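Since the structure comes first, as structure tokens, the remarks are kept for the end.
The values are calculated or read from the model by the stated rules, or taken from the named source; none is laboratory data. The structure presented is a predicted model; accordingly, all values stated were derived computationally and were not measured. Cβ coordinates were reconstructed from backbone atoms using ideal geometry, including for glycine residues, and neighbour counts include every protein chain displayed.
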């Protein structure tokens, strides 16, 4: 282990070291221990750093270069590696360090990690760097000195010199070492230099000018300075010499230049002057005196207050002060008034210095530029106006709206035209409203109101007049003109002295006005106004263009809206467009047509491709109608079938018409291509629904009458059969009557089921439980030669349906599967939860998206072809032999599933088998409790009073017979009104009302409400042989009321009556 025990003396020693960061690194390169000195040096606490990579202390560039790994490898190879480098602290600062890395071995001599010792040597490194810099600086200083540098002792032995000393004297280093300093001078200079050397050693410093004599004999004037210094206990002279050849030449030149300058100063027309620091003139030439209208003698000794008016003098003296303080040359243009005359000057001033370089005044030269200034101002104004016109033209071509153009126009006037302020106002009703502005108005616009009511004085200013008359208006003395009297006060405060207003027209009508302001009276010259007037036609042209553009944009917007609506209509209506050009048979298809055919947008069809998309039986038809269209000009419209790129078959409506050129000749055809598959499917479904509705109405009507007959037949046959002795010969005949009645009753139920008009008793069911409960019956039903398999999903939720009907569905599907496998096979029943999305439900009428419980019945039988699959749910359709099927089995399944808001689908292949999938909506309600089976004992009896109401006499007679045999007191009524009269005349209690639902005069539900109004304790049992639809219309549902479906047996009636009487009120 790399960690030491807390009581380890070595650990205590490591932790007590203050100047050495000591830590260990495991073989993986991760920090394993950390002493307090490491925390102080690196800034990391132990809990922050332990476990982090060793490379965290390396600068990023060293990490990239692999320095951390290299150090580990070196230490591993040699056992120890020490080096100097930079390290990185936690706060990202760097420091110099000596790092020592040692390989650690475990007890067995295996590599166990590294010990790392780090010492901060930043201070030592900084001291070494300071010494190096000082040494380099000293050498660089000597090398860069502008003159010769040397050092010699009192005996005149040279000890040190710079390279330039060798160059100037022409002696080599060896020769200089043997020279005496006085050997480098000659004549009188040698004596003066010797005196100065002696003075330096005596007084400590000295200087002298003398000619330096080189080895070649060439003399060069030098200025020497020297100081005495004691070096290593020896007195020495440190000296430096500067070549003063240029200074001597300059002095001589200065003498000549001075004479020349005096001659020039008096010969030029520019004013030349010199002032002291107090501003008093020390020197002035005649031109300067002429500028101020005085003599030179009158000016000398005076300052500027004696020459110019007070304001101008103050400005001039302030600029003098700035030049002296900045010590920089300055050139300015200024306008000054002297002797009552205002002139413009171009003046250059510079600091005037004494021989020591100290600024003691100002010297300058000034030239009158009055005439030039006037020309420049005029030229500038003209250039500004032309630039303004040019920028305006560019803005006219660039801007896309009047608002943008107005903003640009104002900005151009201020930035390029240099007007103080500019604004554009739009004429709206009786006012001119500011819509754009630029420049500084100093609050002027806050108070400005321009009226267009000619009776209003505020309409009579230049802006209002420009709008009302369509003419430009100029006021060159804004503060004095009567036209602008209303705005004098605000204009004065804003600094406006002149204005000009220019009307802006749109299709010949003034819609806006541009108003410009200047700070100088008389600013708007005739030339300027003429130039500015050239701007307004360009702006008006642009405004006309904006009107046309708005009109065009509105037209394009309407067109695009129309196109968008067409595109939406095409997409929603699944309609594409096509065109064929006869020349070259070029084919053009719209994007929607390509989408209908499931082709990519980049697909380029040719004519034959366009024909071959249709099914073979329709291609001749399409060719024929197209040929007639382009040859005879006959439009066409056909409904045909085609194939998409994915092989899907579509019904489409193809419409075409001829395309003619200007001469009336047919040059091609164009038309529409609409996917009508959904419509054809709806038509097919509608026809099927009509057929099913007709059959359903017939079945319902037959079932009602049949139910009444079966009620009588079964009602009388059942008790009679029970009463006969076992050996009675009539018993066999009654048994056949009973069996035929039972079969007829089952047939009636199937008729009602497939027409979806059976009365339901919906409950929340568990399909898995139904499959499990009926499994024994189903196994006996299919026979031993069929393998029966169930695969039930235990996570399925409940479905709301009639349990009897669900069992009927399962039974019918299993029987069908059995019949499809006469030689045996495999039958599988599965359940699972599935989600039907919108795309699936769109293809199935009356099916909502959501979660469904799937009941699938699969067989390995003979399978079905497409033609058979198209008819399997039609009533009375069967593929079985004569007498082997009613053709109602799958029709019944379809009707029951649809009545329960579900869907049934079939997948089948000839020779492979079939799968029927029943989808029932999944509900979140808990499963309903199972209802107990009725006891098999004899018919229950009672003594209560029963009011029986039935409009069918035979059924009424049978019901009275059964109830009276059970001991009940029965009151008979043929309809609802008769029942009300009986109830009103009966003094005793009526315990139960047994009533048909659909009766003339007064229906069962209305009768029950009338009876309940006077006899609230009377219970109700409804009877009906009508369909679910009829029962619902009459306000009765079995799930809500006690209900008995006809036909009923004697025992079922007796049991139901007793159940209602004994049940909760």
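What the table below lists for this structure:
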read-out	value
Residue list for region 612-625, filter: buried (at least 17 other Cβ atoms within 10 Å of the Cβ) and either farther than 21 Å from residue 597 by Cβ or in contact with a helix residue (DSSP H, G or I) (Cβ under 8 Å, 6 or more places away or on another chain) (or both)	614, 622
Which numbered condition residue 70 misses (of (1) exposed (fewer than 14 other Cβ atoms within 10 Å of the Cβ); (2) assigned to a strand (DSSP E or B))	(2)
Test: residue 18 is closer than 21 Å to residue 126 by Cβ and modelled with pLDDT under 90	yes
Selected residue (only one of 313, 288, 278 is at pLDDT 85 or above, in the same structural domain as residue 364 (by TED's automatic domain parsing) and surrounded by 14 or more Cβ atoms within 10 Å (Cβ to Cβ))	313
Complete set of residues in region 449-468 that are under 19 Å from residue 517 (Cα atoms), in a helix (DSSP H, G or I) and over 51 Å from the mean Cα position of the chain (by Cα)	458, 459, 462, 465
Where residue 474 falls short, out of the listed (1) surrounded by 16 or more Cβ atoms within 10 Å (Cβ to Cβ); (2) over 20 Å from residue 413 (Cα atoms)	(2)
Members of region 762-776 that are crowded, with 16+ Cβ neighbours inside 10 Å, modelled with pLDDT of 85 or more and outside any loop (DSSP other than H, G, I, E, B)	763, 764, 765, 767, 768, 770, 771
Members of region 469-486 found to be in contact with a helix residue (DSSP H, G or I) (Cβ under 9 Å, 6 or more places away or on another chain), closer than 20 Å to residue 512 by Cβ and touching a residue at least 40 places away in the same chain (Cβ under 8 Å), listed by number	472, 474
Set 951, 975: member being modelled with pLDDT of 90 or more and either over 60 Å from the mean Cα position of the chain (by Cα) or farther than 30 Å from residue 898 by Cβ (or both)	975
Subset of region 389-447 (residues that are over 42 Å from the mean Cα position of the chain (by Cα), crowded, with 20+ Cβ neighbours inside 10 Å and in a strand (DSSP E or B))	421, 427, 432
Subset of region 234-275 that is farther than 30 Å from residue 196 by Cα and in contact with a helix residue (DSSP H, G or I) (Cβ under 8 Å, 6 or more places away or on another chain) - its residue that is modelled with the lowest pLDDT	266
Any hit, region 13-25, residues being in a loop (DSSP other than H, G, I, E, B) and within 22 Å of residue 92 (Cβ to Cβ)	no
Top-ranked residue in region 837-862 [being modelled with pLDDT under 90 and in contact with a strand residue (DSSP E or B) (Cβ under 7 Å, 6 or more places away or on another chain); ranked as surrounded by the fewest Cβ atoms within 10 Å (Cβ to Cβ)]	844
Residue check for residue 836: over 53 Å from the mean Cα position of the chain (by Cα) and closer than 21 Å to residue 922 by Cα	no
Members of region 637-646 that are surrounded by 13 or more Cβ atoms within 10 Å (Cβ to Cβ) and in contact (Cβ under 8 Å) with a residue 24 or more places away in the chain	639, 640, 641, 642, 643, 644
Unmet criterion (only one of (1) touching a helix residue (DSSP H, G or I) at 6+ places or on another chain (Cβ under 6 Å); (2) buried (at least 20 other Cβ atoms within 10 Å of the Cβ); (3) modelled with pLDDT of 85 or more) for residue 759	(3)
Odd one out for residue 169, checked against (1) within 30 Å of residue 44 (Cα to Cα); (2) more than 58 Å from the chain's Cα centre (by Cα)	(1)
